[in-house]
Amino acid sequence: MVNVKSLFVGASVLISGIAAAPVSSDVAAPEARSLERRTFTGAASDPNNILENTYIMGPNYKSKGYTSATVSNLSGCTALYIWDKDFIPSVFHIFCGQERADGKAAGEMVEELGSQWWAGGAGISSSTPTRLKAVKDGLKEAIPDIRIINEEIYTRGEGDMARTKVTVAKNSNVFNEVNYEGTPTQQGKKN
Ligand SMILES: *[C@@H]1O[C@H](CO)[C@@H](O)[C@H](O)[C@H]1NC(C)=O
């Protein structure tokens, strides 16, 4: 038989848990946000070879004195550039299927640096209009006021190894798209 007194104890524990929530939510928030970044694996070591799920953040680009950034190995993925007012970019290689979530995650990462890092607007190069729109929607969820100043759809060549890379020079918002043949994946490595 359930005892009424113990039910009361249970309820008051629950209530104090709720009352405590606002205090602990400050701590929980950054953790919850970082979970949304799950598909970005880390910073790219080479600004001219930004592969799947990697990025270069604007302050890093600036302090290392980079003069251009290239998102490479595109075959369906998306290149996202977010610029400061001098067109110093934060650059993201967004994996196919993750457009909305990673567009948002990228926006949050740049937003956390401060609004000067997105004051120049954003540019997106995608393989389809649907993917481009999903990145844009995700980005605008994170930064509603950001301007989208360059939208392009790239067309890669024929064949399994056909790849596109997108390069943008420092102080520019112009996409230079180049098609090339990728190298086959290493044996034993899954696509
Ligand atoms: C390039 O893209 C292909 C297809 O998505 C992938 O299998 C391969 O691992 C990528 N190469 C590198 C170096 O990331």
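Since every read-out is calculated from the coordinates, none of them should be taken as a lab result. This one's a predicted model, so the numbers in the text were calculated from it and none came from an experiment. Positions of Cβ are generated from backbone atoms using ideal geometry, with glycine treated the same way; all protein chains shown enter the neighbour counts.
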Would you point out the residue of region 59-69, among those that are surrounded by fewer than 24 Cβ atoms within 10 Å (Cβ to Cβ) and either in contact (Cβ under 8 Å) with a residue 12 or more places away in the chain or touching a strand residue (DSSP E or B) at 6+ places or on another chain (Cβ under 9 Å) (or both), that is farthest from LYS133 (Cα to Cα)? LYS64
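Table: residues versus (1) over 11 Å from THR78 (Cβ atoms); (2) assigned to a helix (DSSP H, G or I); (3) touching a strand residue (DSSP E or B) at 6+ places or on another chain (Cβ under 7 Å).
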{"position": "SER90", "(1), (2), (3)": "yes, no, yes"}
{"position": "ASP102", "(1), (2), (3)": "no, yes, yes"}
{"position": "LEU113", "(1), (2), (3)": "yes, no, no"}
{"position": "TRP117", "(1), (2), (3)": "yes, yes, yes"}
{"position": "LEU132", "(1), (2), (3)": "no, yes, yes"}
{"position": "GLY138", "(1), (2), (3)": "no, yes, no"}
Is it the case that region 172-183 has a residue that's outside any strand (DSSP E or B), of a type outside the set (Ser, Thr, Tyr) and touching a Gly at 6+ places or on another chain (Cβ under 7 Å)? yes
In region 144-179, how many are farther than 25 Å from GLU112 by Cα, polar (S, T, N, Q) and surrounded by fewer than 16 Cβ atoms within 10 Å (Cβ to Cβ)? 3
Only one of THR183, THR167, THR155 is among the hydroxyl-bearing types (Ser, Thr, Tyr) and within 16 Å of the ligand (Cβ to nearest atom). Can you tell me which? THR183
List, please: which pairs have Cβ atoms under 6 Å, are six or more places apart or on different chains, and start with a residue in region 162-181 that is on the phi < 0 side of the Ramachandran plot and hydroxyl-bearing (Ser, Thr, Tyr) and end with one that is within 12 Å of the ligand (Cβ to nearest atom) and part of a strand (DSSP E or B)? THR164/LEU74; TYR180/ARG163
Flag for SER72 being more than 16 Å from the ligand (Cβ to nearest atom), crowded, with 18+ Cβ neighbours inside 10 Å and under 16 Å from the mean Cα position of the chain (by Cα): no
The listed residue being closer than 16 Å to LYS140 by Cα and of a type in the set (Gly, Ala, Ser), out of GLY97, GLY107, GLY65, GLY58: GLY107
